[in-house]
1. Can you spot a residue in segment 239-253 that is in a loop (DSSP other than H, G, I, E, B), of a type in the set (Ser, Thr, Tyr), at pLDDT 95 or above and over 17 Å from the mean Cα position of the chain (by Cα)?
2. Tell me whether segment 10-17 contains one or more residues that are within 18 Å of residue 256 (Cβ to Cβ), surrounded by fewer than 17 Cβ atoms within 10 Å (Cβ to Cβ) and in contact with a helix residue (DSSP H, G or I) (Cβ under 9 Å, 6 or more places away or on another chain).
3. From the residues in segment 176-192 that are within 16 Å of the ligand (Cβ to nearest atom) and not in a helix (DSSP H, G or I), which one is surrounded by the most Cβ atoms within 10 Å (Cβ to Cβ)?
4. For segment 193-227, name all the residues that are in contact with a strand residue (DSSP E or B) (Cβ under 9 Å, 6 or more places away or on another chain), under 26 Å from residue 44 (Cβ atoms) and more than 10 Å from the ligand (Cβ to nearest atom).
5. Only one of (1) part of a helix (DSSP H, G or I); (2) within 19 Å of the chain's Cα centre (by Cα); (3) not assigned by TED's automatic domain parsing to the domain that holds residue 83 fails for residue 282. Which number is that?
6. Restricting attention to segment 134-166, and to residues there that are assigned to a loop (DSSP other than H, G, I, E, B), open to solvent by 40 Å² or more (accessible area, probe 1.4 Å) and of a type outside the set (Asp, Glu), which single residue is nearest to residue 34 (Cα to Cα)?
7. If residue 94 satisfies every condition in (1) in a loop (DSSP other than H, G, I, E, B); (2) within 22 Å of residue 239 (Cβ to Cβ) but one, which is the exception?
Amino acid sequence: MTTITPQPGIMDIALYQGGASHIEGVSNVVKLSSNENPFGPSDAAREAFRKTVYDLHRYPSTDHRALREAIGEVHGVDPGRVICGVGSDEIIAFLCQAYSGPGDEVIHTEHGFAMYRISALANGATPVEVPERERVTDVDAILAACTDRTKLVFIANPNNPTGTMIGDGELARLAANLPGHVLLVLDGAYAEYVEGYDGGAALVDGRDNVVMTRTFSKMYGLGGLRVGWGYGPRHVIDVLNRIRGPFNLSQPALVTAEAAVRDRAWTQKCRSENTRMRAWLAEALAEHGVVSDTSTANFILARFASADQAEACDEHLKSEGLIVRRVGGYNLPHCLRITVGDEAGCRRVAHAVGQFMGTRREGP
Ligand SMILES: *Cc1c(COP(=O)(O)O)cnc(C)c1O
């Protein structure tokens, strides 16, 4: 018998449930469960990736300079305070590793992204769940939950899976009123979907207790490649770079992400297409009696009368080849999260929900 045991906290982690991608015995499946860009990456990004095949014997850049400079140009941030990671998940993991441990508390909201809790536990810290107000981040509840042991506050803005967000004024009020020993992390995974929103970059620039995380997995259509980045005050970025592996990002990932971020026309097209189809889908669902909060992201949180109804609708959608996301693990058992697909995908899911609810509606 061995007495080999992992560090405290690790066995409290429930394995992350990814969005399903296959249905047994069903072809022509539409995957609307992982908030992926239905159009994939831009042609420029695809072409950049293709060319990397000739350099696979070379080690990648360790300082990610070219990608950081491209991010700086496009997003109007200081490239010297950008750090790139294997998805924004890695930036979240670095933050928890660097700033929290046993005895410390890490705040996330009631329907917050699962990785905050997982990363806190992985480092022996205690995740603290704070209520939201009708599925919207509640700044006063977060401030009230802070203690001497709080080290990090994570909020996603827009939030996943609710799709709601809070405004710049509320973000600034939160940052300004946190105790001095607390770092605020603004997860901007869906910031690109919000016209005119900087993801919190200006707030980062104006303070020394705010970090922003961003990703190439959503709008840029590169979830399979695993690239994310963080932007923060110099003292934080310096700390995170000390624990970052020197070759954490592969050369194909770096080069492809750079081409993707520079293709502003593609970003603009994907944003406007998402806005158009999101409005159509929300209205179609509402006409079938399925309500949702106004979404600011690339998915809709559809609310049903009960958990049983949500589950039954999910089963019906599956039988029609449509994969959406159950969100019982996010304290929302009566909801289904539906990614805004392309027009055909949106029509199919709206039609199938209509069949399930016993109502009908014409297409866009
Ligand atoms: C999808 C998502 C991410 C992105 O994670 P990556 O590791 O960059 O793929 C981060 N935060 C939230 C809230 C998300 O929904």
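1. Yes, that holds for at least one residue.
2. Taking every residue of segment 10-17 in turn, none turns out to be within 18 Å of residue 256 (Cβ to Cβ), surrounded by fewer than 17 Cβ atoms within 10 Å (Cβ to Cβ) and in contact with a helix residue (DSSP H, G or I) (Cβ under 9 Å, 6 or more places away or on another chain).
3. So the residue we want is 187.
4. If the condition is that a residue be in contact with a strand residue (DSSP E or B) (Cβ under 9 Å, 6 or more places away or on another chain), under 26 Å from residue 44 (Cβ atoms) and more than 10 Å from the ligand (Cβ to nearest atom), then 198, 199, 201, 212 are the ones that fit.
5. Among (1) part of a helix (DSSP H, G or I); (2) within 19 Å of the chain's Cα centre (by Cα); (3) not assigned by TED's automatic domain parsing to the domain that holds residue 83, residue 282 violates only (2).
6. Top of the filtered list is 165.
7. Single failed check for residue 94: (1).
So that you can scan it fast, the table gives a plain yes or no per residue for (1) free of Cβ contacts under 8 Å to residues at least 60 places away in the same chain; (2) in the same structural domain as residue 227 (by TED's automatic domain parsing):
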position: 21; (1), (2): no, no
position: 31; (1), (2): no, no
position: 58; (1), (2): no, yes
position: 84; (1), (2): no, yes
position: 95; (1), (2): no, yes
position: 108; (1), (2): yes, yes
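The values are calculated or read from the model by the stated rules, or taken from the named source; none is laboratory data. Predicted model only: the values in this text are computed from it and were never measured. When we count neighbours, we look across all protein chains shown, and the Cβ atoms used for this are built from the backbone with ideal geometry, even at glycine. Heads up: the accessible areas ignore ligands, DNA and RNA and are worked out on the full protein's heavy atoms, side chains in. Shrake-Rupley method; radii C 1.70, N 1.55, O 1.52, S 1.80 Å.
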